[in-house]
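S.K.: One structure coming up, written as structure tokens, with questions to follow.
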Amino acid sequence: MTEYSLLGERILESPIDSTTSLLEKINRDVINFALGSPAQNMIPTQAFAEIGNTVLNDASAYGYAPTEGDSELVSSLVSFLKSQGRNLDPASIVITAGGMQGLDVVCKLFINPGDTVIVESPTYPSAFMTAIGYGANIIEIPIDDDGLKVNEIDEYVNRTGDIPKMIYVVPTFQNPTGRTLSLQRREELAGLARKLNCLIVEDDPYGLIGFTNDHIPSIRDISHADSHVVTVRTFSKIMAPGLRVGWLEVDPAYTDKIIAARQCMDTCANTVSQRIVAGYLDSGKVQNHLRYLCSQYEVRKNTLRAAVETAFLGTVHTSDPLGGFFLWVTFPEETDCELLFKEGLERGVAIVPGNAFSPSRQLRNCARLCFAALDPDAIGEGVRRLAEAYYAVDAVRAKVDVA
Ligand SMILES: Cc1ncc(COP(=O)(O)O)c(C=O)c1O
């Protein structure tokens, strides 16, 4: 075999995406709390089919789109964001093939090998693995109920003199805990990034899936769209992940470089998908769809949280997300959630062990459960199977060396 490049060597697989492949191969029904996917029966397939009928009959939809995005989609997106109370300059938008591509391009353009990237602990693994792929040195800063402990970044910098190049944060209904960064901390973070001259990468796939009317402005909006904040967005959670369409919100000074990076990668996002997303944004159905998603996902969150608390007899702590897809469960300290994952799979239930969300693999007794994709009956049965795995296998609860 030919040797991989240094970059190739550093690339790691995603524990979550790998679970999807693993489950495809398992020959039994598995209740899947592992994948952060929208519910299949909540994907607006009929509307997509109607729009798709027009799109698929239009030869121009099979051509290359401009790298920055199909102009129909960019203008539909600007109108949609306006309906959300946000005025964006079209020049600040670059359409991507989902949120992951946005993260990849940003890491590619801004990280040098050895640069420090600050992440929340826990955080979304594919993001820190992308940064590691480009040679980043990852520093984990804990979060609490108000999100990332911004003052600890300041303390870290004062203690070590190490100025981060990038701070990666999922501020709203975070993956994996569902927590939200408070307004005060968003302001502090924006100020810190300006002071340190580092880049905040604000990754926001879940912000439109809120269960209450409370709305905290994005870090980018708080910072008046200055060049220290790049925001990564996606249609994967509010429409469908298989469309692979997302967008970046950036200082227009960065767009030429982002476009150049994309031209060396995939030229443009899938034109057919972009037209379908544009058609759906223009259809007038999005607001109702979002309201429907939020109400259904809130019921699922409440069902999962109640089922977990009942099944584990008050020994666990669960987060109480006010939006998004995920419940974060903290089991007693001696629990080994990697073993719980394996035992759960034997009994037909999949979770993601907490270690996956920490580069230093510190969260052995925690797990992420996605409530969005499953209906309430499946949620109940899934938790029953998980509790069976937990209580049946002593080793799951054995004392572990937590040095
Ligand atoms: C925080 C976060 N960022 C990015 C992504 C990737 O989104 P996409 O599927 O659009 O690439 C996800 C998906 O789970 C996510 O949770």
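S.K.: Working carefully through the options Asp214, Asp256, Asp221, Asp251, find the one that is more than 16 Å from the chain's Cα centre (by Cα), open to solvent by less than 40 Å² (accessible area, probe 1.4 Å) and away from the ligand (no atom under 14 Å from the Cβ).
M.R.: None of the other options fit; the residue is Asp251.
S.K.: Quick check on Thr335: is it part of a loop (DSSP other than H, G, I, E, B) and either open to solvent by less than 10 Å² (accessible area, probe 1.4 Å) or of a type in the set (Val, Ile, Thr) (or both)?
M.R.: Against the criterion (part of a loop (DSSP other than H, G, I, E, B) and either open to solvent by less than 10 Å² (accessible area, probe 1.4 Å) or of a type in the set (Val, Ile, Thr) (or both)), Thr335 qualifies.
S.K.: Out of everything in the stretch 180-204 that is more than 16 Å from the ligand (Cβ to nearest atom) and part of a loop (DSSP other than H, G, I, E, B), what residue ends up being surrounded by the fewest Cβ atoms within 10 Å (Cβ to Cβ)?
M.R.: Out of the qualifying residues, it is Asn197.
S.K.: Something else about it: For Thr231, state whether it is under 20 Å from Leu148 (Cβ atoms) and β-branched (Val, Ile, Thr).
M.R.: Taking the combined requirement at face value, the residue satisfies it.
S.K.: So which pairs qualify, if the first residue must be in the stretch 53-67 and not assigned by TED's automatic domain parsing to the domain that holds Gly279, the second must be open to solvent by 90 Å² or more (accessible area, probe 1.4 Å), the Cβ gap must be under 6 Å, and the two must be at least 6 apart or on different chains?
M.R.: Once the first residue is not assigned by TED's automatic domain parsing to the domain that holds Gly279 and sits in the stretch 53-67, no partner that is open to solvent by 90 Å² or more (accessible area, probe 1.4 Å) comes close enough.
S.K.: Still on this structure, I have one more. Does Pro38 meet the test of being open to solvent by less than 20 Å² (accessible area, probe 1.4 Å) and assigned by TED's automatic domain parsing to the domain that holds Pro353?
M.R.: Here the answer is yes, as Pro38 does meet what is asked.
S.K.: Name the residues in the stretch 74-86 that are crowded, with 16+ Cβ neighbours inside 10 Å and within 17 Å of Leu208 (Cβ to Cβ), would you?
M.R.: Matches in the stretch 74-86: Ser76, Leu77, Val78, Phe80, Leu81.
S.K.: Name the one entry in Val250, Val245, Val272, Val277 that is touching a helix residue (DSSP H, G or I) at 6+ places or on another chain (Cβ under 9 Å) and farther than 23 Å from Tyr62 by Cα.
M.R.: It is Val250.
S.K.: When residues of the stretch 224-248 are filtered for being assigned to a strand (DSSP E or B) and within 15 Å of the ligand (Cβ to nearest atom), how many remain?
M.R.: Within the stretch 224-248, residues that are assigned to a strand (DSSP E or B) and within 15 Å of the ligand (Cβ to nearest atom) number 8.
S.K.: Just to be sure I understand, how many residues within the stretch 375-396 are buried (at least 21 other Cβ atoms within 10 Å of the Cβ) and in a loop (DSSP other than H, G, I, E, B)?
M.R.: The total comes to 0.
S.K.: Still on this model: Residue by residue through the stretch 139-160, note down the ones that are open to solvent by 10 Å² or more (accessible area, probe 1.4 Å) and part of a helix (DSSP H, G or I).
M.R.: Asn151, Glu152, Asp154, Glu155, Tyr156, Val157, Asn158, Arg159, Thr160
S.K.: If a residue must be under 18 Å from the mean Cα position of the chain (by Cα) and basic (Lys, Arg), how many such residues does the stretch 147-185 contain?
M.R.: 1
S.K.: What single numbered condition from (1) open to solvent by 20 Å² or more (accessible area, probe 1.4 Å); (2) more than 21 Å from Asn213 (Cα to Cα); (3) in the same structural domain as Ala190 (by TED's automatic domain parsing) fails to hold for Lys237?
M.R.: (2)
S.K.: Hey, could you check the stretch 87-138 for residues that are assigned to a loop (DSSP other than H, G, I, E, B), closer than 17 Å to Gly69 by Cβ and open to solvent by less than 40 Å² (accessible area, probe 1.4 Å) and say which is farthest from the ligand (Cβ to nearest atom)?
M.R.: Looking at residues that are assigned to a loop (DSSP other than H, G, I, E, B), closer than 17 Å to Gly69 by Cβ and open to solvent by less than 40 Å² (accessible area, probe 1.4 Å), I get Leu88.
The values are calculated or read from the model by the stated rules, or taken from the named source; none is laboratory data. What you see is a predicted model; the values in this text were computed from it and never measured. Note that we place each Cβ from the backbone using ideal geometry, even for glycine, and neighbour counts take in every protein chain shown. Protein only, heavy atoms only, side chains kept; ligands, DNA and RNA dropped before computing areas. Shrake-Rupley method; radii C 1.70, N 1.55, O 1.52, S 1.80 Å.
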